[in-house]
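As structure tokens, the structure follows; a few thoughts come after it.
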Amino acid sequence: MTTVTFQTEQGRITGFRSQGHSGYGDAGTDIVCAAVTSAIRLAEATVNDVLGLAAAVKIRPEDAYISLRLPGGLAPEAESACQALMAGLMVYLTQLHDEYPENIEVLEEE
């Protein structure tokens, strides 16, 4: 199962971590893993490459782990964009959980 945990502080999403293979299909053909990976990569590319921010990203392919931590002290426009992006990612992954509850879990922790 893939577990995605969003970290929050005082109502602000500060980042997330995703770990594990969904187990929906064989490696390379697992549509749930592909959907999660694609969404996470889009979020990371938007934060770091489009918005030009320096989010901390850790990737460990050997155990299917990726985490992203937003920088603090962002300008209001950047903060708003990041929060909308993180909220959208959370909604999307929650909807994916609703379709594949045995393969993906979405959590929130403060």
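The values are calculated or read from the model by the stated rules, or taken from the named source; none is laboratory data. Note that the structure is a prediction, hence the values are computed from the model and not measured. When we count neighbours, we look across all protein chains shown, and the Cβ atoms used for this are built from the backbone with ideal geometry, even at glycine. Remember, those area values only see protein heavy atoms, side chains included, never the ligands or the DNA or RNA. Shrake-Rupley method; radii C 1.70, N 1.55, O 1.52, S 1.80 Å.
For region 7-16, how many residues are on the phi < 0 side of the Ramachandran plot and either β-branched (V, I, T) or surrounded by 18 or more Cβ atoms within 10 Å (Cβ to Cβ) (or both)?
Adding up the residues that qualify gives 5.
Name every residue in region 20-40 that is open to solvent by 80 Å² or more (accessible area, probe 1.4 Å) and at negative phi, in order of residue number.
Result: H21, Y24, D26, A27, T29, I31.
Do we find that A43 is crowded, with 18+ Cβ neighbours inside 10 Å and aliphatic (A, V, I, L, M) in this structure?
In short, yes.
Here's the yes/no breakdown for (1) over 19 Å from S22 (Cβ atoms); (2) hydroxyl-bearing (S, T, Y); (3) surrounded by 11 or more Cβ atoms within 10 Å (Cβ to Cβ); (4) at pLDDT 95 or above:
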| position | (1), (2), (3), (4) |
| --- | --- |
| V47 | yes, no, yes, yes |
| V57 | yes, no, yes, yes |
| A64 | no, no, yes, no |
| P76 | yes, no, no, yes |
| G88 | yes, no, yes, yes |
| L93 | no, no, yes, yes |
| H97 | no, no, yes, yes |
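Test A84 against the criterion of being in contact with a Cys (Cβ under 9 Å, 6 or more places away or on another chain), of a type outside the set (V, I, T) and open to solvent by less than 80 Å² (accessible area, probe 1.4 Å), and give yes or no.
no
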